[in-house]
1. With every protein chain left in place and a probe of 1.4 Å, what is the accessible surface of H405, to the nearest 10 Å²?
2. For the chain, find the longest principal axis of its Cα atoms and tell me its angle to the long axis of helix 216-233, 0 to 90°, nearest 10.
3. Which one of L272, Y444, V428 has its Cα pushed farthest toward the positive end of the charge dipole of the chain, where Lys and Arg give +1 and Asp and Glu give -1 at the Cβ?
4. Can you give the local net charge around E78? Use residues other than it whose beta-carbon is closer than 15 angstrom to its beta-carbon, Lys and Arg +1, Asp and Glu -1.
5. Excluding H63 itself, what net charge comes from residues whose Cβ is under 12 Å from its Cβ, given Lys and Arg +1 and Asp and Glu -1?
6. Among S149, L218, G305, whose Cα lies farthest out toward the positive end of the dipole of region 56-381, if unit charges sit on the beta carbon of Lys, Arg (+1) and Asp, Glu (-1)?
7. If we sort 62-73, 389-400, 137-148, 366-377 on the protection proxy, mean other Cβ atoms within 10 Å, highest first, what's the order?
8. In region 56-381, if the dipole is taken from +1 on Lys/Arg beta carbons and -1 on Asp/Glu beta carbons about the Cα centre, which of S74, H63, M257 is farthest to the positive end?
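The values are calculated or read from the model by the stated rules, or taken from the named source; none is laboratory data. Because the structure is a prediction, the values reported are computed rather than measured. Cβ placement follows ideal geometry from the backbone for every residue including glycine, while neighbour counts extend to all protein chains displayed. Ligands, DNA and RNA are excluded from the accessible area calculation, which covers all protein heavy atoms including side chains. Shrake-Rupley method; radii C 1.70, N 1.55, O 1.52, S 1.80 Å.
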Amino acid sequence: MTRTLITGGTVVTAADEIDADVLIDGEQVVAVAAPGSVPFTADTTIDATGCLVIPGGVDGHTHMEMPFGGTFASDTFETGTRAAAWGGTTTIVDFAIQSQGGSLREGLDTWHGKADGNCAVDYAFHMILSDVNDQSLKEMESLVGEGVSSFKLFMAYPGVFYSDDGQILRAMQRAGDTGGLIMVHAENGIAIDVLVEQALAQGRTDPRWHGEVRRELLEAEATHRAIQLARVAGAPLYIVHLSASEALAEVAKAREMGVNAFAETCPQYLFLDVGELARPGFEGAKYVCSTPLRPAEHQQALWRGIRNDDVSVVSTDHCPFCFDGQKSLGLGDFSKIPNGMPGVETRMDLLHQAVVDGHISRRRWIEIACATPARMFGLYPRKGTIAPGSDADVVVYDPAATQVHSAATHHMNVDYSPYEGRTTTGKVRTVLSRGRVVLDDGEYLGEAGHGKFLVRDTCQYLR
Ligand code: URP
Ligand code: ZN
Ligand code: ZN
């Protein structure tokens, strides 16, 4: 087996920040040793002097090729996982989808078919339940056994992915019994649809109305309701893409009471605000996602939540749609703009910028982007850390390099960057996925099919 030695860097994990050499044998890390102390030569040496040596990012929320609003997210598993590698993310957890009237098995098999043989980095699946019934509830147990141990339910999007409270309660009860984790998209979709109808009737068709109708209080209300349902069911709960401070207050209150409620936010809610939706012309459509971007004051609450662990994970909700031809489906009717934004490539860099800006420490950066998502989704310590026995998913990260974000240079298959022209400090230099160098100094060296499906354990915060 090939031995690789990464020398001279500062190894940062959620627990430590130490000058150390990292020895890799084949696909795994075998030692983290004092600098210069490894007593033999490796086949390959990577000089990480001046750089951080960090675990590959774990993005717990992506939607490659997701069907939405009459189109499909523009990144395939091939293009999206390649972009992930460029951005220092070596594991994604994507969402397989149960179609209405279909079984979980059919949905999962379809998503395996999309991903198998196409991924540049390792991947796993959550399952979206769009049709909670006796059969799909029964199937949840076998999915947990196959490593698909988390299930997303939608309080939004009536008629598409929506589940009512009774269905959500039943799924939560089942998750409580099987060790599964319920993830909830917490927005009151029934009330939002009333506001959408009223806005359109008043001729309010621009993208900015997307942000107006998806009210903060309707996120907070749904978050509160999801938490109470989870308490009744005795099941843990993970709130996805939380953006409103009022919703965060609901999670904080529940956690204070000892409820197993976890929150995830995304870089777009930390670095962008609702003002983007009001850009001239139709430009605001680039920023249409749900939950929506919020007024800037919510960002401070989210950063505070990240620091005190009321927000445990920062994932991307990567769900890109091209401006030309996809976002444009909503010209003249904001409710027809496909919901979602690109982000799988930029998450690690934006969160490093948060270190530079003083919002979080380096270790917290690694915790929210690597270690906690790995633990939350049953992948730790294989993923999310650098330790003997871990997969050698390692990123050599230059904390001083700067870069300017642009659609002209990014690798996601989408024709715009939400961060066009923005400069951040810190840049991925080298990426290893299970011991193989897949990216080095601006050159992609990976291949489709290197990435393998990960059979996940259950949530590791609940044992
Ligand atoms: O706008 C979003 N978030 N699109 C992806 C689907 C979802 O709700 O996560
Ligand atoms: Zn969602
Ligand atoms: Zn999503």
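1. Here the residue's solvent-accessible area equals roughly 10 Å².
2. Taking Cα atoms only, the helix is inclined about 80 degrees.
3. Most positive-ward Cα: L272.
4. Neighbour charge sum, excluding E78 itself: -4.
5. -3
6. G305
7. 366-377, 389-400, 62-73, 137-148
8. My answer, from the dipole projection, is M257.
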